[in-house]
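Reviewing the structure listed below.
None of the figures in this text is laboratory data; all of them are computed from the coordinates on show. Please read these numbers as outputs of a predicted model, since none were measured by experiment. Positions of Cβ are generated from backbone atoms using ideal geometry, with glycine treated the same way; all protein chains shown enter the neighbour counts.
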Amino acid sequence: MIGELGFRMRLLMAVCLLLPLLAGCDEKKQAAAPPAKPAVGVRPVAMKGVSQSFEFVGRIKAVNKVDLRARVEGFLEKVLFREGQDIKTGDLLYQIEKVQFQAQVDQAKANLASAEAEVVNAQAQYARQLELAQRQFSPQSVVDQNKATLDTSRAKVLQMRAALTQAEVNLGYTDIHSPIDGRIGRTTYTQGNLVNPSMGVLAAIVSQDPVYVLFPVSIRDLETIRETRRKEDGGIAKIDIRVRLSNGRDYPHRGVWNLTDPQVDQQTDTLIMRAIIPNPERQLTDGQFVTAAIRERQEAPRLVVPQSAVQIDQSGQYVLVVDGEHKVEQRRIQTGPRQDADIVVTSGLREGENVILDGIQKVRPGQVVQETALPTAGG
């Protein structure tokens with residue numbers, strides 16, 4: 001029994017001594033195993049047809065806008081439109097009480113008729129005295145006095161005609177018509193209220209189609225745009241003005257540039273560019289903020305990479321490239337305009353080079369990676 005017990009004790013001690021040795025072997029095997037290569041997704045730099053584009057913050061402005069005001073004082077007799085209604089040029093919108101203005105017209109007509117009668121009488125008196133004076137039956141002084149009376153009567157006729165014209169104009173001002181096509185807003189005063197020229201705007205009319213888009217462009221950007229538009233043959237590339245709405249959607253109609261402000265704002269070193277753009281669906285509203293893009297009409301082949309591949313640090317923009325030895329390389333780039341999900345690369349890359357899209361955060365320059373080709377956009 002004692003011998004068997006001693007044998008077991010020696011066996012247990014041998015096992016205890018062997019276990020650390022086996023564990024040490026496993027650790028050496030693990031240390032000797034090479035680290036796993038991080039997996040990354042790559043896509044080759046490609047040539048793509050791109051329209052050169054420059055984007056700016058713009059604002060929509062109506063081509064025509066009119067503030068309706070009362071030209072005479074009186075009570076509003078009728079309001080003949082619905083707020084927010086589309087109206088046409090010449091539509092009757094407001095009527096001011098006419099009675100007093102019609103009375104002024106009638107009075108002016110009566111005054112004119114009286115003045116014309118005075119002219120007839122003065123003309124007869126002058127003719128009679130002139131004939132008598134020629135026969136030496138009347139002194140010249142009477143003739144001169146009659147001539148002055150005739151001239152005064154004629155002047156009074158002119159004065160009465162002017163008063164009649166003014167009275168008729170004032171009567172016409174009691175009807176307020178729309179001077180433009182557009183949409184009318186809220187009415188400040190309703191039927192029965194007293195209005196006059198000092199009481200401000202009755203309502204505003206804003207034209208709807210087409211509209212302007214105005215956007216400030218710095219002198220530096222303007223020179224870049226002009227340089228970009230110059231072709232190798234000396235011609236100028238034609239451009240369109242495109243609009244992107246606040247929800248990120250592209251507006252379906254393209255605009256046409258029609259004005260560059262001749263004066264530069266000295267505080268911002270910018271000037272205003274303007275384009276006119278169709279608005280048949282009334283999607284664009286006066287005062288609305290949009291993104292305005294100046295874009296070439298014809299596409300040209302340019303190097304592009306997905307925007308998600310481009311990183312930014314204090315030194316600028318860069319991408320991570322996997323070279324022929326499967327190593328990560330940091331590449332500084334210069335970029336141009338965006339085109340959908342891609343961005344144009346003007347320098348720093350060559351066609352066919354693989355840029356990392358997936359796994360950027362887990363790799364560093366010089367590290368060996370295992371790359372997987374990602375499908376192209378739309379593929």
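A few remarks follow.
- Footprinting exposure proxy ranking of ARG43, ARG244, ARG364, fewest other C-beta atoms within 10 angstrom first, gives ARG364, ARG244, ARG43.
- The local environment of VAL345, defined by Cβ-Cβ distances under 14 Å, has a net charge of +4 under the rule Lys, Arg +1 and Asp, Glu -1.
- Legend: ranking of residues GLU281, GLU116 from fewest to most surrounding C-beta atoms inside 10 Å; resulting order GLU281, GLU116.
- Per-residue Cβ neighbour rank within 10 angstrom, fewest leading, SER218, SER53: SER218, SER53
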